[in-house]
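The values are calculated or read from the model by the stated rules, or taken from the named source; none is laboratory data. If you're wondering where the values come from, they're calculated on a predicted model, not measured in any experiment. FYI the Cβ positions are ideal-geometry reconstructions off the backbone, even for glycines, and counts take in every protein chain you see. For accessibility, only protein heavy atoms count, side chains too; no ligands or nucleic acids. Shrake-Rupley method; radii C 1.70, N 1.55, O 1.52, S 1.80 Å.
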Amino acid sequence: MVCQAKGSKPPSIIRWWLDRNKITRGFSEIVDEYMENLTTSILQFIPVPEDHGKVLKCKAANPAIPKATIETVLRLNVHCKY
């Protein structure tokens, strides 16, 4: 999964959530200050059947503006073969 935020000064900080649980590993973040402070976060995520219907969120925040975030939401539709 890839999430990008652009134009924030200072650059955005991107965090990932699965339902109400913060994802603390499995992602990397790249900041390109020459591309309008483009922050790209890449999440390595392999869903399991129990993740069906859960919400995966990418939240971007400017550290200079507390409690102001933008987010993208994806409801997971997990198919598996038993």
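Tabulated values for the structure
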{"read-out": "When residues of the stretch 46-82 are limited to those that are among the polar types (S, T, N, Q) and assigned to a loop (DSSP other than H, G, I, E, B), the one surrounded by the fewest Cβ atoms within 10 Å (Cβ to Cβ)", "value": "Asn77"}
{"read-out": "Flag for Ile42 being among the aliphatic types (A, V, I, L, M), open to solvent by 30 Å² or more (accessible area, probe 1.4 Å) and at pLDDT below 95", "value": "no"}
{"read-out": "Close pairs from the stretch 25-43: first more than 17 Å from Leu74 (Cβ to Cβ), partner of a type in the set (Ser, Thr, Tyr) and surrounded by fewer than 12 Cβ atoms within 10 Å (Cβ to Cβ), Cβ under 8 Å, at least 6 apart", "value": "none"}
{"read-out": "Flag if Asn62 is on the phi > 0 side of the Ramachandran plot and among the polar types (S, T, N, Q)", "value": "no"}
